Amino acid sequence: MTDSVSNDRNPTPDVAEDNAFFPSPYSLSQYTSSKTDFAGASYPNAYRGGKWKVLMIASQERYLLMQNGKFFSTGNHPVEMLLPMYHLDLAGFEIDIATPSGDPVKLEMWAFPQEDEAVKATYEKYRSQLKQPKKLTEVVKDLDGGNYLGVFIPGGHGVLNDIPFSEEVKKTLHWAHDNDRYVISLCHGPAGLLAAGIGERKEDFLYRGYEMCVFPDSLDTGANIDIGYIPGPMPWLVGERLRERGVKIVNADITGKVHKDRRLLTGDSPLASNNLGKLAAETLLADVAAR
């Protein structure tokens, strides 16, 4: 990448949609890498029981409409999705993938770490499921029968489109809470937790009083616009809406921080993908061992 290109802070047009944009070359040089910080993992006590699984709820939407009328060409962040999946898979948990209506999972392929073998291997293993996921509308009819020990909502700005407004996501989150199952999310993924409060008073929010990590609003209102990562002001801010419902956000920046509050496991950004994967795998394995 030449200096002139790498210093370009203008969002890159996505010719597949009117007034749509990918992140700028400069922002990608700052926010993406050919490899993650994954340095190997081993779970000698990996689960072999064949019963307990993880349900991943991903976004089926690519274009996020910004306040200025421009589309951000986004989706699910591949590292935030695939690296936690790698750990959960290695720990022995089968992963079912679902989207609200069963349409294919959308990925921000411009953030795909092309030289990261763990991420690439996970993508290949689950590629067919990502293209043909389950319909969450069908999954919620028998969550008990799914034997889901955890529910994973990956990050990426695309999650703001559909997951927070899904009645099926609401049902899943309340089911997880009522049945002592785990919820795992990172970066913008905790936006999906807002679905738990659909049609309810803010004071009655399921996660009121919880501590969690979330991608900082300050970056979405500042640096992400300044460097052209997003093509304009966000339609709404994840942290702001969570705080309005009584959530305490424990990070102010992105350092790879993860946090566990009861059965909610969260991470602050793509930098937390590996750490969250480890935390999730170890937590679920400890739970199985205690049953």
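The values are calculated or read from the model by the stated rules, or taken from the named source; none is laboratory data. Here the structure is a predicted model, which is why all the values come from computation and not from measurement. Backbone-built Cβ (ideal geometry, glycine too); neighbour counts: all protein chains shown. For the accessible areas, the whole protein counts, side chains as well, though only heavy atoms, and no ligand, DNA or RNA atoms are used. Shrake-Rupley method; radii C 1.70, N 1.55, O 1.52, S 1.80 Å.
Electrostatic tally near Pro11: other residues with Cβ closer than 12 Å to its Cβ, Lys and Arg +1, Asp and Glu -1, net -1.
Most simply put, the chain has about 25% antiparallel DSSP beta bridges, counting only bridges with both residues inside it.
Label the chain by shape, choosing from rounded, prolate and oblate, from the square roots a ≥ b ≥ c of the eigenvalues of the Cα gyration tensor; if a/c is under 1.5 it is rounded, and otherwise prolate applies when a/b is larger than b/c, oblate when it is not. Prolate shape, in that a/c is at least 1.5 and a/b is the bigger ratio.
Average accessible surface for the chain: 42 Å² per residue, computed with a 1.4 Å probe over protein heavy atoms with every protein chain in place. Could you list the residues of region 230-250 with an amide nitrogen less than 19 Å from a label point located 7 Å from the Cα of Asp261 in the Cα-to-C-beta direction? Residues passing the 19 Å test: 237-250. Surface composition of the chain: carbon plus sulfur atoms contribute 47% of the solvent-accessible area (1.4 Å probe, protein chains only, all chains present). If one computes P(r) from the Cα atoms of region 7-118, what percent of pairs lie at distances over 20 Å? Beyond 20 Å sits 54 percent of the P(r) for region 7-118. Among all the aspartates and glutamates, which ones have a C-alpha under 14 Å from Lys141's C-alpha, if same-chain residues fewer than 8 places away are not counted? Result set, ordered by chain and number: Glu167, Glu168. The simple spin-label model puts a point 7 Å past each Cα toward its Cβ; for Ile198 and Arg291 those points are separated by 2.7 nm. A full extension of the chain between Glu124 and Asn19 corresponds to an added length of 34.6 nm, given 0.36 nm per residue minus the alpha carbon distance.
Using 0.36 nm per residue and subtracting the Cα-Cα separation, the extra length available between Ser6 and Glu115 on full extension is 37.3 nm. Comparing Leu28, Leu130, Leu88 in a Gaussian network model of the chain (Cα springs below 10 Å), the most mobile by mean-square fluctuation is Leu28. For a Förster distance of 35 Å, can you work out the FRET efficiency between the beta-carbons of Ser101 and Arg243, rounded to the nearest 0.05? Approximately 0.70, to the nearest 0.05.
Taking each DSSP H run with n ≥ 4 as -39500 (n - 2.57) and averaging over every residue of the chain yields -9000 deg cm²/dmol at 222 nm. DSSP bridge analysis restricted to region 1-99 gives an antiparallel fraction near 40%, rounded to the nearest 5.
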